[in-house]
Amino acid sequence: MLEGCEPWPPEAVERYRRSGYWGDETLASLLREVAATDGDRVALVCGSRTVSYAHLDAWADRLAGGLYRLGIRRGDRIVVQLPNVPEFAAVAIAAFRLGALPVFALPAHRRSEITYLCAHTDAVAYLTTGTAAGFDHRQLAAEVRREVPGLRHVLIADDDAGEFTPLSVVDGPPVPAEVDPAEVAFFLLSGGTTGTPKLIPRTHRDYDFQIRATAAEMGFDADGVYLAALPVSHNAALGCPGLLGALRAGGRVVLASSPSPDEVFPLVAREQVTLTTLMPAYLPLWADLAGIFRADLSAVTIEVGGAPLAPAVAQRAEAALGCTITRWFGMAEGLLVFTRRDEPLEVRTGTEGLPLSAGDEILVVDDEDRPVPPGTSGELLARGPTVLRGYYRAADYNVRAFTTDGFLRTGDRVRLDENGRLVVLGRIKDVVNRGGEKVPPEEVEGHLLTHGQVREAAVIGVADAVLGEKTCAVVVAAGEPPTLAELRDWLTGRGVADYKLPDRLVVVTGLPRTGVGKIDKAALVATVTDRDV
Ligand code: OOB
C-alpha cells in the first residue's frame, strides 16, 4: 500500500460494492468499448485537431508501451503538467493502463511546486509541454531536473524538446493491464490543507464511480459535448464528469486553453457544446459579453463551483446566456455536492444542493465533533465512496484531518437547510480562495520570510468584487519596508506560481496574536478591511 493512502474499511467496501457504486472496472478500460464499436467517433477536439476514439485508444496503448520501455512500472509516480491538449488524455489513459501513477500538477505551477511534487513523490518522470501560455516549460524542466536528482526522465509533449525526450518518440508494444480497481490510479492536489501541499490518492473504482455517476446525474451521454475551459488537471474539469467522464460516456470533449469568452463562445457554437464547468469569477464576464458575441448557450448546462456564488449573479447569467446553471461544492478530496438541472431556480442557484450519491454521509459538527441541530452552522465532515481516507505521505496530518471513524474534516463552515441541502457559510481552514484558485497562506508566508526585509508575515484573503477574495500579505518589516513589487519578484524568483503572489501588501508594526500566540488572522482581516487597502 502507498504510505498514507488508507483503504476504505472492509465493511464500507462491501457496502459500496453491494450498492453498485463500485464495480470491477478500472480507468484503464475507459475508451475500449467505444473505440471497438464506434472507433471513428470524435473523442477530442482541440483547435484544428480532432482525435477519434480508435486513435486515442491506440495512442494510449502505444504510450503505455513506450513508458514501459523507458523502465516506468506499475506504482511509479509521474508528475504530469500539461495544459488542455489531447496529449493530456492520451498520457493519463496510458498511465492508467500501465498502472503508473500520474500526479496532476496545474499548468500554473512553477519550480517551487513542481520540485516539491517530484521530490515528495519520488517521481521517476516529469512530463510537461514545450511552451504554454507564453512560458517555456523546458526551462522549468531543466531547473527541476537539477534540483531533483532522482528524476530519471523528462518528457516533453512538443517535438522541440531541447535536451529532453519528446513524447512523440515514447512508443512501444501494448502492455497487459494488470491494475486492480481498488488500486490508486492517480493523485490530485488538495486545495486547502496546512503545511506542505497534500496529495490525494484517487482509486480506479472511486473515480470510475465519480465520472459515471456525475455523467448520469447531469444527463451526459454519448450525444453530449463537454467543453473543458478550466484546466483538466483539476478535479472539476477532469472528472465531474469532465474530460474522463465524457470519454467514458462516449461523448465528445472540446479542449479550450482558457474560459475567455472570445475563445469559448465561438467553440460553443461550432461544437454544439452541451456541458461545461466554470469558476464563479468568470460568470459575470460571460454574462456581460454574451450580447456582443451573440452567444446562444440555451443548450448548455454550466456547472459553477469552487468558490461562493451569489444567487443574483447566477440568475442574471442564466437570463443573459440562456443557459442552465447548476451549483457545485466540490473538493479534490472526493466530496461532490451539487444542484441538479431539473430543480427549481431558487434551489438550483440558491444552495449547493445534495451529495452525489446516497452513499455519501455528511455531518455538520461543532468544535467538539458533536452534530449541531439542523439549520445551525458548523464544520462539514464527509465520508463516502469517493472521499479519501488518508493523504499520501502525510501520517501526522492524517491524524488531524480525519475523525477516528474516517470522516474527512473539510475545513468548510456550512449549514444544511430544511431539505438537507448544503449552504456554504465560510471557512475554518487557512486558505485564500482567489476566484476558485486556492492559495495556501502558510506556504506563501514561508517564502516571504526568506526575504531580508521581512521579519514577520501573514497572508490573508481580503474581499474582492471580481475574484471574491484577493491575497494580502501583512508584513512586519525588518528595517526598510519592502514594496509589493519587490516581494512579488522575490517570490517569482523562488519559483512560486503566479496565482499565489500577493495582490496587496500592508506593512504593520506588529501582528495580532491569539491567546496561544498564533497569528490572529480573523483580527487581521478586520483591521486590513478597515484600512480599505
Ligand atoms: C474544487 O475543488 P478544490 O479541491 O480545488 O477546492 C475545495 C475547496 C472546498 O473545501 C471549499 O473551501 C471551496 O474549495 N469550495 C467552495 C465551493 N466549492 C468549493 N466554497 C464555496 N462554495 C462552493 N461552491 O473547488 C471543486 C472540485 C470539484 C468540483 C467543483 C469544485
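The values are calculated or read from the model by the stated rules, or taken from the named source; none is laboratory data. As the structure is a prediction and not an experimental result, all values here were calculated from the model. Positions of Cβ are backbone-derived with ideal geometry, glycine not excepted, and every protein chain shown enters the neighbour counts. The area values use the complete protein model at the heavy-atom level, side chains included, leaving out ligands, DNA and RNA. Shrake-Rupley method; radii C 1.70, N 1.55, O 1.52, S 1.80 Å.
Which value, in nm² and rounded to one decimal, describes the direction-averaged projected area of the C-alpha convex hull of the chain?
On the way: hull surface 97.4 nm².
Averaged projected hull area, Cα only: 24.3 nm².
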Rounded, prolate or oblate: which fits the stretch 348-429 when a ≥ b ≥ c are the square roots of the eigenvalues of the alpha-carbon gyration tensor, with rounded for a/c under 1.5 and prolate only if a/b beats b/c? prolate
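What is the dipole size for the chain, taken about its Cα centre, with +1 at each Lys and Arg Cβ and -1 at each Asp and Glu Cβ, in debye to the nearest 20?
Working: 54 positive and 71 negative charges, 86 e Å.
Computed charge dipole of the chain: roughly 420 debye.
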Rg from C-alpha atoms of the stretch 241-297, normalised by the globular rule of thumb 2.2 N^0.38 Å, equals 1.16
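Give me the Kirkwood hydrodynamic radius of the stretch 141-273 in Å, from all C-alpha pairs, to one decimal place?
17.6
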Selection from 156, 85, 299, by position along the positive dipole direction of the chain (Cβ): 156
At a 1.4 Å probe radius, which order do 407, 293 fall into by accessible area, largest first? 293, 407
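At a 1.4 Å probe radius, which order do 122, 206 fall into by accessible area, largest first?
Numbers: 122 90, 206 0 Å².
The residues order as 122, 206, largest area first.
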Once Rh for the stretch 110-166 is found with the Kirkwood sum over Cα pairs, what is the Stokes-Einstein diffusion coefficient at 10 °C and 1.306 mPa s, in µm²/s? 143
For the stretch 375-471, alpha-carbon Rg and Dmax in angstrom: 16.4, 54
From the C-alpha gyration tensor of the stretch 23-168, pull out the three semi-axes of the equivalent ellipsoid (sqrt of 5λ each), sorted largest to smallest, in whole Å. 26, 18, 12
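Kirkwood Rh, the stretch 432-527, all Cα pairs: how many Å?
Working: mean 1/r = 0.0745 Å⁻¹.
Roughly 13.4 Å, rounded to one decimal.
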What figure, in Å² to the nearest 10, do you get for the accessible area of residue 450 with a 1.4 Å probe and non-protein molecules left out? 60
Let me make sure I get this right: for the stretch 418-459, a, b and c are the square roots of the gyration tensor eigenvalues over alpha carbons, sorted descending. Under 1.5 in a/c it's rounded, otherwise prolate if a/b > b/c, else oblate. Which is it? prolate
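If Lys and Arg each add +1 and Asp and Glu each add -1, what is the summed charge of the other residues whose beta carbon sits under 11 Å from the beta carbon of residue 76? Each step should come with its number before you reach the end.
Numbers: positive: 73, 74, 77, 152; negative: 122.
Counting the neighbours of residue 76, the net charge comes to +3.
Out of all DSSP beta bridges in the stretch 441-533, what portion is antiparallel? Express it as a percent rounded to 5.
Taking every DSSP beta bridge within the stretch 441-533, about 70 percent pair in antiparallel fashion.
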Once Lys and Arg get +1 and Asp and Glu get -1 on their Cβ, which of 512, 102, 112 lies farthest toward the positive end of the dipole of the chain? 112
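Classify the stretch 1-75 from the C-alpha gyration tensor, please: rounded if a/c falls under 1.5, else prolate or oblate depending on whether a/b exceeds b/c. Intermediate results must be reported in sequence, preceding the final value.
Values: a/c = 2.86, a/b = 1.56, b/c = 1.83.
It is oblate, given that a/c is not under 1.5 and a/b is not larger than b/c.
Under a Cβ-Cβ cut-off of 15 Å, what is the net charge of the residues other than residue 371 that fall near it, where Lys and Arg count +1 and Asp and Glu count -1? Display every interim value, and only then the final one.
Values: positive: 370, 383, 409, 413, 415; negative: 361, 366, 367, 368, 369, 379, 405.
Its environment carries a net charge of -2.
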Please work out how much accessible surface residue 409 shows to a 1.4 Å probe, ignoring ligands, DNA and RNA, in Å² rounded to 10. 70
Under 14 Å, Cβ to Cβ, from residue 289 - net charge with Lys/Arg +1 and Asp/Glu -1: -2
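Would you kindly give the portion of the calculated P(r) for the stretch 63-105 that falls above 15 Å, as a percent of all Cα pairs? Before the final figure, lay out each step's value.
Values: 291 of 903 pairs.
Value for the stretch 63-105: 32 percent of Cα pairs lie more than 15 Å apart.
Using only Cα atoms, what Kirkwood radius does the stretch 215-427 have, in angstroms?
On the way: mean 1/r = 0.0559 Å⁻¹.
Hydrodynamic radius (Kirkwood, Cα only) of the stretch 215-427 equals 17.9 Å.
Using DSSP, restrict attention to beta bridges with both residues in the chain and report what percent are antiparallel, rounded to the nearest 5.
Here the antiparallel bridges make up roughly 55 percent for the chain.
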Area accessible to solvent at residue 40, 1.4 Å probe radius, in Å²: 140
